[in-house]
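The values are calculated or read from the model by the stated rules, or taken from the named source; none is laboratory data. Computed from a predicted model, the values in this text were never measured in an experiment. Backbone-built Cβ (ideal geometry, glycine too); neighbour counts: all protein chains shown.
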């Protein structure tokens with residue numbers, strides 16, 4: 001029946017951007033009407049790479065030497081009929097250039113060889129509406145193609161030297177770029193000759209805004225002034241040398257992405273000096289040498305960068321010298337990193353007063369449960385008390401020493417996202433808590449009967465004082481959080497069960513236990529410790545009523561101690577709440593079900609069915625426990 005369903009062109013135009021290439025390939029096989037509606041969307045993005053076996057079939061067809069080669073003619077016919085639809089092209093084989101580009105593989109006139117035919121700078125092309133072009137051809141691809149399908153040029157010798165296949169290929173790709181006046185993105189990585197052509201003719205491609213190329217000697221080469229984004233990698237067997245002449249200054253480039261490893265602070269400063277208009281810098285791998293002699297900022301040196309966004313990825317978490325770059329970035333607004341330390345946060349708080357976003361991803365972290373006796377390394381408080389414009393503080397595996405909360409008030413009153421844990425709070429063992437409850441029940445019963453409270457022993461007085469101190473400190477922490485009235489995302493603990501090391505063989509024997517309830521084996525995660533916040537009304541939970549914009553609340557690795565009264569209060573107080581993380585413990589791999597937590601979750605679902613119960617980390621594979 002589906003082949004009889006009509007399809008309006010407007011509908012195909014609307015749904016095609018949401019379909020994958022596989023979905024589009026299936027759509028064009030439904031019927032003639034569907035083929036006509038979706039074929040141009042299928043060919044908008046084309047790559048003759050290995051997807052779908054296309055590249056392998058193409059190579060086999062090209063290598064056929066028979067005069068009546070139907071396979072190669074089929075490829076040529078397909079290219080000619082659909083070339084006009086292509087908007088995003090990735091070239092991995094020379095055939096598409098040869099078919100869709102007239103005189104593609106003819107050399108330009110050479111002064112030393114006037115007998116070669118002259119070719120127009122922009123010959124007719126079937127591909128004229130490209131928006132992005134990625135060239136993954138190499139000279140050896142061209143050599144193989146010339147050997148299997150000899151062209152008019154053949155192997156013409158110029159002064160006893162064969163014509164370079166790379167020169168032919170460079171000329172073809174250059175002309176293809178010239179034939180597409182709407183080209184916005186060009187990727188010519190590892191194609192050095194084409195990069196040199198672009199540097200020699202910076203005004204020839206006025207529509208390009210994004211360029212992908214290599215950095216010779218670690219410096220930005222001369223590029224067109226219309227390019228605002230540069231994706232780059234370092235040339236092989238070449239590295240940055242501070243003694244080399246400085247590169248050309250580019251006043252238009254706004255974004256730079258360096259894919260290879262950066263090893264010195266001097267290299268980072270050289271890039272910033274070359275690009276005074278740079279606003280976005282991403283360094284994929286930073287592995288700075290220790291004891292780098294590059295000074296952070298010399299006395300009397302007023303040079304600074306206008307950089308707004310900095311993304312760094314550390315290599316093996318070794319780059320303490322990175323703090324030297326922060327004095328050059330007083331205008332920094334966003335800082336994204338894969339690791340954080342006390343020197344990092346202190347330098348950010350001191351030199352970057354305009355910071356609004358700080359994110360630390362901790363890629364590749366392993367499961368490292370915190371020990372209750374470990375000292376608390378508080379790297380976050382200095383940011384909360386110094387950065388007045390902070391909106392996003394995403395440090396999901398960092399902790400704040402709750403005992404320092406009252407030392408200095410927070411100044412980031414516009415904070416919208418806060419992900420961090422609070423630890424170091426005083427706590428009592430379960431036996432002592434039971435004794436405190438018994439004392440309180442005894443005093444309550446005496447007051448009900450109109451009798452004086454029984455005299456307390458010094459031990460009982462000490463227990464009551466410790467319990468009141470624990471409640472008072474938790475109230476002060478929640479009171480400090482309550483001033484952040486713009487919060488939409490609040491996570492009060494480290495995300496549950498981080499990393500992949502939890503299920504490694506060397507730890508499994510220690511993490512597995514047998515349940516007394518059903519006799520089955522379960523994992524013991526040991527990530528919930530007692531020195532965290534308690535989300536109870538008697539410890540100040542009602543102070544969070546000021547967070548009327550809250551949309552997500554997380555407390556996964558927290559001893560929250562909530563009951564039915566707290567669940568009802570949350571459901572009633574936060575009408576905009578969309579997700580809770582901390583009650584869905586039944587989804588944890590290999591974890592024993594908690595009847596109390598299941599009951600709280602069911603109560604919340606009955607009161608607020610619109611709230612989603614999620615988990616921060618769900619990347620574990622299912623384990624079979626004996």
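Numbers for the structure displayed
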quantity	calculated
Candidate set from the range 484-541 (those that are modelled with pLDDT of 85 or more and in a strand (DSSP E or B)); member that is surrounded by the most Cβ atoms within 10 Å (Cβ to Cβ)	491
Subset of the range 265-277 (residues that are touching a strand residue (DSSP E or B) at 6+ places or on another chain (Cβ under 8 Å) and either assigned to a helix (DSSP H, G or I) or surrounded by fewer than 20 Cβ atoms within 10 Å (Cβ to Cβ) (or both))	268, 271, 272
Count of the range 25-53 residues which are assigned to a helix (DSSP H, G or I) and modelled with pLDDT under 70	3
Filter result (modelled with pLDDT of 75 or more and assigned to a strand (DSSP E or B)) within the range 278-321	280, 281, 282, 283, 284, 285, 286, 309, 310, 311, 312, 313
Considering residues of the range 385-397 that are touching a helix residue (DSSP H, G or I) at 6+ places or on another chain (Cβ under 9 Å) and crowded, with 18+ Cβ neighbours inside 10 Å only, the residue nearest to residue 556 (Cα to Cα)	395
Filter pass, residue 380 being under 21 Å from residue 535 (Cβ atoms), touching a helix residue (DSSP H, G or I) at 6+ places or on another chain (Cβ under 6 Å) and modelled with pLDDT of 85 or more	no
Top-ranked residue of the range 576-605 - restricted to ones that are out of contact with any helix residue (DSSP H, G or I) (no Cβ under 9 Å at 6 or more places or on another chain) and free of Cβ contacts under 8 Å to residues at least 24 places away in the same chain, ranked as surrounded by the most Cβ atoms within 10 Å (Cβ to Cβ)	605
Tabulated pairs, the range 15-43, first buried (at least 17 other Cβ atoms within 10 Å of the Cβ), second at pLDDT 85 or above and not in a helix (DSSP H, G or I), C-beta under 6 angstrom, 6+ apart or interchain	43/86
Strands (runs of 3 or more DSSP E) fully within the range 195-262 counting 3 or more residues that are assigned by TED's automatic domain parsing to the domain that holds residue 283, on the phi < 0 side of the Ramachandran plot and at pLDDT below 85	255-262
Selection status of residue 462, outside any loop (DSSP other than H, G, I, E, B), surrounded by 12 or more Cβ atoms within 10 Å (Cβ to Cβ) and more than 25 Å from the chain's Cα centre (by Cα)	yes
Given (1) free of Cβ contacts under 8 Å to residues at least 40 places away in the same chain; (2) within 24 Å of residue 553 (Cβ to Cβ); (3) surrounded by 19 or more Cβ atoms within 10 Å (Cβ to Cβ), index of the condition residue 401 fails	(3)
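Residue by residue, here is whether (1) in a helix (DSSP H, G or I); (2) in contact (Cβ under 8 Å) with a residue 60 or more places away in the chain; (3) under 32 Å from the mean Cα position of the chain (by Cα) holds:
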position	(1), (2), (3)
544	yes, yes, yes
548	no, yes, yes
553	no, yes, yes
560	no, no, yes
565	yes, no, no
